[in-house]
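Take a look at the structure below.
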Amino acid sequence: MTANGCQAPSLTRLAGCQPAESAKLADIQSCSAFRAQLFDGITGFLRSKFFALALLIGIGIWLLVIPAFTGRLGANPLEKLLHQSGEISIWILGVVLALTPLRVLFPRSRIVAALNRHRRMIGVAACVYGLLHFGFHILYEGSLDGLARSLSKPFIWLGLAGLSILAALTLTSNNWSVRTLGGRNWKLLHRLAYVAATLLIYHQSIAGKGHWYVARWLLFPLLALQIARLTKTLFTRWARASRPMSPNPPSADSYFRKRETSLTKSGQKVAGRPSQLKQLAALRARSGSAFGAITTPL
């Protein structure tokens with residue numbers, strides 16, 4: 001209530017909102033704040049190295065270790081481990097190759113940026129599972145004679161070539177190698193991952209009956225992502241090149257003239273502003289003259 005007995009208008013009425021509408025607005029704001037905090041938490045968790053390490057190790061435990069200890073590998077456990085480890089390796093390599101196109105296609109996505117932080121770790125994991133695959137192959141052949149006979153098959157040589165490239169990339173996946181080779185040479189070297197992926201996908205597709213069915217689910221999405229990435233890159237370059245230039249670009253003299261004028265104006269502002277000492281002196285002078293006027297006899 002006001003002093004003259006009239007009711008004071010509420011804040012919601014002053015804002016032009018009814019109480020129910022303001023409550024809805026508060027609920028929407030609190031809900032959006034909760035969603036933002038939840039999204040920040042998810043993004044921070046995806047950025048952590050613990051998440052990437054736990055996921056990459058957990059895949060091997062779930063698909064290799066647990067089936068081996070629970071007897072779920074079938075009649076030929078070594079053959080199952082051999083195929084399973086190879087598929088894990090090639091799928092992880094596919095994830096590495098998919099991260100760069102996703103970053104180009106969705107440059108503002110925080111989730112894609114968080115996953116791209118683990119590219120090196122994911123690439124090393126692909127090589128580790130590939131080495132496990134080769135180790136299971138040696139155990140599956142059972143002897144040196146069997147291993148020598150397997151080398152007569154073309155898909156074995158393709159797998160060895162792809163695995164050798166992955167091993168070389170793994171050995172250079174560190175900051176020391178980047179400094180030693182230089183950033184440009186290091187990037188050129190690690191583009192061999194596309195060659196390794198081509199060899200390993202072909203190795204997977206001709207390894208036996210039914211393997212092409214698995215390999216094509218990796219090949220076609222990767223091709224689609226790479227085509228979309230190249231299309232967007234070319235379109236962006238074309239848009240920048242076709243952007244109209246200014247007919248009368250500012251000259252250097254006009255730029256320096258404007259710069260000098262702005263500096264002169266700012267200097268005048270600073271010079272015209274009284275300092276604290278001048279203000280204090282003026283205050284003392286005014287107080288002294290007033291005291292003299294009061295104490296002067298009539």
(request) Provide the solvent-accessible area of Trp217, counting protein heavy atoms only and rolling a 1.4 Å probe, rounded to the nearest 10 Å². (result) 150
(request) Tally up the carbon and sulfur contribution to the accessible surface of region 92-132 as a whole percent, 1.4 Å probe, everything protein left in place. (result) 68
(request) Over region 66-163, consider all pairs of different Cα atoms and compute the Kirkwood hydrodynamic radius from their mean reciprocal separation; express it in Å, one decimal. (result) 15.4
(message) Could you sort Thr180, Thr170 by their accessible area in this structure, using a 1.4 Å probe and putting the largest first?
(response) Thr180, Thr170
(request) Express the carbon and sulfur contribution to the solvent-accessible surface of region 158-206 as a percent, rounded to the nearest whole number, probe 1.4 angstrom. (result) 66
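The values are calculated or read from the model by the stated rules, or taken from the named source; none is laboratory data. Every value quoted in this text rests on a predicted model; they were computed, and no experiment measured them. Remember, those area values only see protein heavy atoms, side chains included, never the ligands or the DNA or RNA. Shrake-Rupley method; radii C 1.70, N 1.55, O 1.52, S 1.80 Å.
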